[in-house]
Amino acid sequence: MSVTDRMPLTRRSFFAGALGALVVAGVAMLEVPRLLPNLFTRRYPPSPYDDLFARLPDRENAARLGTVVLRGRAKTDPGTIAQTLREKIGGHSLASAMADDVAENRLVEAQGWLLPESLADLCALAATAESA
């Protein structure tokens, strides 16, 4: 096959290829950031408390803190904790529920740390879900 047998590259085919590459790159730039966080996050088995756990930025560390919180408590039912949290948080963010706890002096002590009651309850719930 000689050089003269090849199809010449015209401006039209060059620009069509460049436009196609730009479209693919644009779609990738839009979709990849949305998909990447889901690729590297840990998957947990479904639980009845997933609506509450979705408010946690790091469920594993919350469960670690929850084990410390549970040491200072009498045996509590996870369903009761979840119901109390759902009533307290409602449609608000965890940060606003914690701010309300601090304003109303609802704090829990765990190994010398003072935690808002909402955070302590949510961490304790995460610890009970991890152990189940």
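Numbers for the structure displayed
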read-out: Any helices (runs of 4 or more DSSP H) falling wholly within the stretch 43-93 and containing at least 2 residues that are surrounded by 12 or more Cβ atoms within 10 Å (Cβ to Cβ), assigned by TED's automatic domain parsing to the domain that holds Ala126 and more than 14 Å from the chain's Cα centre (by Cα); value: 59-71, 78-89
read-out: Any chance Ser96 is touching a residue at least 12 places away in the same chain (Cβ under 8 Å) and out of contact with any Cys (no Cβ under 9 Å at 6 or more places or on another chain); value: no
read-out: Positions within the stretch 99-132 being in a helix (DSSP H, G or I), over 13 Å from Leu65 (Cβ atoms) and at pLDDT below 90, in sequence order; value: Ala129, Ser131
read-out: Hey, Glu130 out of contact with any helix residue (DSSP H, G or I) (no Cβ under 8 Å at 6 or more places or on another chain) and in contact (Cβ under 8 Å) with a residue 24 or more places away in the chain or not; value: no
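The values are calculated or read from the model by the stated rules, or taken from the named source; none is laboratory data. The model shown is predicted, which means the values in this text are computed figures rather than measured ones. With ideal geometry, Cβ positions are generated from the backbone for all residues, glycine too; neighbour counts draw on all protein chains shown.
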